[in-house]
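Notes for the one structure printed next.
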Amino acid sequence: MKDNKYFFILLAAIFSIVIYFHAFIKEIAYSPFSDFGNYWLNSTMLKEGFNPWLSDSQSNTERAKLVKQHNFLIPGPPINSLGLISFMQIFTIFDYRLSAILWMILGHIALLLSLWIILSFARVKPTLEDLFLVLFLVFSFWPMRETLHIGQVCFLTLLFIAASLYFIKLEKWFLAGILLSLAIQTKEYLIIATLVFILKKNWKILIGIIIGIFLVKLITIIMFGWNLELSYWKRMFYFGKEINPSINNHNLLSTIFRIGKTYLGSLFCGVLSIVLIIILTSLAIFWTHKTKDLLLSFFPFLVLPFIISPWIHEAHYIILYPAIISIWFYIGERNRFNYYVLFILSYILLGSRYSFMNFPLFHSGMLGILTTGKLAGVIILFMLSGILAYEDKTKCA
């Protein structure tokens, strides 16, 4: 007879899945899938011979026509790579609504594959209790609902990262690098995570990453021309140099400017941001430079981009599942109360639903501190992953 803990974990897992499935059905029926709409819009323009990163009169006319026809919520040029926009052309074969549904079905297949892969490298012999716990952690996590609602590419990004980490565990370095390069081309800020491989002098993974990026770039340039790739980089340059202070942008730079610009000025906020980025990156290096476990070394660097990148939406946090799930099992091996406290605090801050979007009073100034919960959750996860890596370092010393 199973003990009460087993049935409680089973109850929690089933409850969270049922609640999520209810949301899934509603979103499939009614959601405008705003981010997927932007992918589909710009992929359609690319398919029709337009440069989706340009804002000339001809492109704007075509874009306006498509926006009016399908009621897209994000009508502007993409901030996604030519590789991703090219891939999304597969979905322009179908009607937009059918494409969105197929995209979300594919995304959830990728999610389930990712969870199976993560469990396979996070636990030597995963039990049913482990599976139920992972299902609870995943399906009760509010960013999952955000990813579903807007049709983000993050499910695919997660699959590439999970598969890459699986091959790192098997020491198949080159293949791990190729898969990680695909993740990077869906979310470019993940390039920051590759610092760990420079630190560890794992040149085979780095070569795999470079070759993977190069091949995708080469294929898309041959297909669509160098001018489109150049337009993409121009778009990223102008996007990256601006600080977006929206409360939907949960990174460190946005938060500092949103809260402090009125009192401290832009220059001081900029200098403070640079100093903190250097400190956080240095901490990740300090925690991990002698850690033997490469997966444990990777997690602080996986979390780091979600603090220092120029744009982080709540939906992006599902990409952190490999770190969240693995860290839970690492904590279980150590069984230390303070680690559980940090994990629970981080998970609650990241996984809970709260928003001050409809309350402008909290959008800037000192009251903006109340909007920093997601960032605080990521920073705590970053610290916890670093502490675990450092502990492994001292244990191996």
key: Paramagnetic reach from I109 (point 7 Å along Cα→Cβ, amide N under 14 Å) across the stretch 174-217   = none
ask   = So what is the calculated 222 nm ellipticity per residue for the chain, using -39500 (n - 2.57) for each DSSP H run with n of 4 or more, over all residues, to the nearest 500 deg cm²/dmol?
value = -24000 deg cm²/dmol
ask   = Against the longest alpha carbon principal axis of the chain, how many degrees, from 0 to 90 and to the nearest 10, is the axis of helix 337-351 turned?
value = 20 degrees
task = State, to one decimal in nm, how far the label point of I279 lies from the label point of L199, with both points 7 Å from Cα in the Cβ direction.
result = 1.8 nm
message = If I build a Gaussian network model for the chain, linking alpha-carbon pairs within less than 10 angstrom, which residue out of K201, K290, K172 has the largest mean-square fluctuation?
response = K201
task = Could you size up the charge dipole of the chain around its Cα centre, putting +1 on the beta carbon of Lys and Arg and -1 on that of Asp and Glu, and report it in debye to the nearest 20?
result = 520 debye
ask   = At L267 and W226, where each label point lies 7 Å from the Cα along Cα→Cβ, what is the point-to-point distance in nanometres?
value = 4.1 nm
ask   = Toward the positive end of the charge dipole of the stretch 243-397, about the Cα centre and with charges on Cβ (Lys, Arg +1; Asp, Glu -1), which of F298, Y390, G332 goes farthest?
value = Y390
message = As I understand it, the value is the acute angle between the Cα axis of helix 96-122 and the longest principal axis of the Cα atoms of the chain; what does it come to in degrees, rounded to 10?
response = 20 degrees
message = Connecting C-alpha atoms closer than 10 Å in a GNM of the chain, tell me which of K68, K261, K169 has the biggest fluctuation.
response = K68
query = Which distance in Å, rounded to a whole number, links the C-alpha centroids of the stretch 182-203 and the stretch 338-397?
reply = 23 Å
query = Relative to the Cα centre, what is the charge dipole magnitude of the stretch 28-130, using +1 at the beta carbon of each Lys and Arg, -1 at the beta carbon of each Asp and Glu, and rounding to the nearest 20 debye?
reply = 60 debye
Label selected from [x] 27.2, 89; [y] 23.5, 83; [z] 21.2, 71, the criterion being Rg and Dmax of the Cα atoms in Å as computed here = [z]
note = Correct response: the longest run of the chain lacking exposed GluC sites (Glu not before Pro), defined by DSSP loop and at most 15 other Cβ within 10 Å, is 243-397
message = Using only Cα atoms and rounding to the nearest 10 degrees, what angle (0 to 90) does helix 321-334 make with the longest principal axis of the chain?
response = 10 degrees
query = Over 32 Å between Cα atoms, which of K47/K234; K5/K201; K241/K374; K169/K234; K217/K261 qualify?
reply = K5/K201; K169/K234; K217/K261
ask   = Expressed as a whole number of Å, what is the distance separating the alpha-carbon centroids of the stretch 238-307 and the stretch 63-128?
value = 27 Å
task = Using a 10 angstrom cutoff on alpha carbons, build the Gaussian network for the chain and name the most mobile of G260, G225, G76.
result = G225
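Throughout, read-outs are computed from the coordinates displayed, never taken from laboratory work. Source: prediction; values computed, not measured. Backbone-built Cβ (ideal geometry, glycine too); neighbour counts: all protein chains shown.
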